[in-house]
Amino acid sequence: MRVPDRHNDDHAHLLSIPRPVVKPVPDPRGPLPRSLLVLVAVIAVIEIVLSLSDAGWISDPTLRSRAMCAGAFWSQLGPDTPFARLCGAPAGQIFGLQPLTMYISHAFLHGSMLHMIMNMTILLAIGRFVGDRYGAGTVLPVFLLCAIAGGAAFKLLASPAYPMVGASGAVFGFLGVWIVWDWRRHQRAQRSTSPVLRRVLVLAGLNVALYYGLGGMLAWQAHLGGFVAGVLIGLWLENRIEREWIGEMHRQRSERDPRP
């Protein structure tokens, strides 16, 4: 008589346990995460106010330039810098915390309405995915962390002559999170990851084309920093899901076959 293989039975049972219920792709018919809507609304309102000011309808036409001086990312602050000359700040900064706040504030400012609309369109699409898969509470932290990383890369790699504004560094961070999920999805299905690598190359090629198409006025450094941060965050989020799944397997195994 063949002795039943207890180990194989247990293994088969563990494999039958479903993974944690998370949406692999966003539901286009479902509501957008509230945190994402609030984030986009705040950024949109800021740009609307600045655009109305540019047109002279509210405040004064210098509001945008003053906002840029206070909130843009300047890779170099100090008394004898382009910032000090352009913004009329002989002290080298406008307020004490500016060297820190600019790592986040730059992501809430844009150079024009079109600039803002392009970034927010992508953010709504990819942000929905992140909120659906990892929870609505992850949207704002991912945005802020990737914005900070984008600013850090810009400070390290860019010329100090020009300021940087825009949420594109954070947006590329969301793309990095999505790329990690796509990579893991192909691995779990035992499919080639070549399509994922092609998508990364397309993103890189798009940056090169835009850089030259815009005469060098593209903060590719922020895109790179945000993307790398997004990849690292995506790895952490996916590993967290794996840990939850393994924990659920062990819990169900203990309930099924308690041992002393």
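The values are calculated or read from the model by the stated rules, or taken from the named source; none is laboratory data. Here the structure is a predicted model, which means the values were calculated and not measured. Counting neighbours? That spans all protein chains shown, and the Cβs are built from the backbone with ideal geometry, glycine included.
Which is assigned to a helix (DSSP H, G or I), crowded, with 18+ Cβ neighbours inside 10 Å, charged (D, E, K, R) and at pLDDT 85 or above, of 240, 184, 198?
Sole residue among the options that is assigned to a helix (DSSP H, G or I), crowded, with 18+ Cβ neighbours inside 10 Å, charged (D, E, K, R) and at pLDDT 85 or above: 184.
So which residues in segment 42-57 are within 18 Å of residue 71 (Cβ to Cβ) and loosely packed, with under 13 Cβ neighbours inside 10 Å?
Hits for segment 42-57 are 42, 45.
Mind listing just one residue for me: the one in segment 147-166 that is hydrophobic (A, V, I, L, M, F, W, C) and under 14 Å from residue 218 (Cα atoms) and, of those, modelled with the lowest pLDDT?
161
Pairs, please: C-beta under 6 Å, at least 6 apart or cross-chain, first residue among the basic types (Lys, Arg) and in segment 59-70, second at pLDDT 95 or above?
Correct list of pairs: 64/50.
For segment 107-153, give me the residue count where each residue is within 14 Å of the chain's Cα centre (by Cα) and not aliphatic (A, V, I, L, M).
Of the residues in that region, 15 qualify.
Any chance segment 218-231 includes a residue that's small (Gly, Ala, Ser), more than 18 Å from residue 75 (Cβ to Cβ), crowded, with 22+ Cβ neighbours inside 10 Å and at pLDDT 95 or above?
Within segment 218-231, one or more residues are small (Gly, Ala, Ser), more than 18 Å from residue 75 (Cβ to Cβ), crowded, with 22+ Cβ neighbours inside 10 Å and at pLDDT 95 or above.
Going through segment 132-160 one residue at a time, which ones are surrounded by fewer than 24 Cβ atoms within 10 Å (Cβ to Cβ) and under 19 Å from residue 33 (Cα atoms)?
Selection gives 132, 133, 134, 135, 136, 137, 138, 140, 141, 144, 145.
What is the residue count in segment 106-131 for residues that are crowded, with 20+ Cβ neighbours inside 10 Å and small (Gly, Ala, Ser)?
Residues that pass the stated criteria total 3.
A quick yes/no check of all residues on (1) touching a helix residue (DSSP H, G or I) at 6+ places or on another chain (Cβ under 6 Å); (2) within 24 Å of residue 160 (Cα to Cα); (3) of a type outside the set (A, V, I, L, M); (4) touching a residue at least 60 places away in the same chain (Cβ under 8 Å):
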| position | (1), (2), (3), (4) |
| --- | --- |
| 215 | no, yes, yes, no |
| 223 | yes, yes, yes, yes |
| 228 | no, yes, no, yes |
| 232 | no, no, no, no |
| 235 | yes, no, no, no |
| 238 | yes, no, yes, no |
| 241 | no, no, no, yes |
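Do we find a residue being modelled with pLDDT under 95, hydroxyl-bearing (Ser, Thr, Tyr), out of contact with any Ser or Thr (no Cβ under 7 Å at 6 or more places or on another chain) and closer than 24 Å to residue 108 by Cβ anywhere in segment 59-74?
Yes; the residues of segment 59-74 include at least one that is modelled with pLDDT under 95, hydroxyl-bearing (Ser, Thr, Tyr), out of contact with any Ser or Thr (no Cβ under 7 Å at 6 or more places or on another chain) and closer than 24 Å to residue 108 by Cβ.
Can you spot a residue in segment 77-100 that is basic (Lys, Arg) and under 20 Å from residue 230 (Cβ atoms)?
No, because not a single residue in segment 77-100 is basic (Lys, Arg) and under 20 Å from residue 230 (Cβ atoms).
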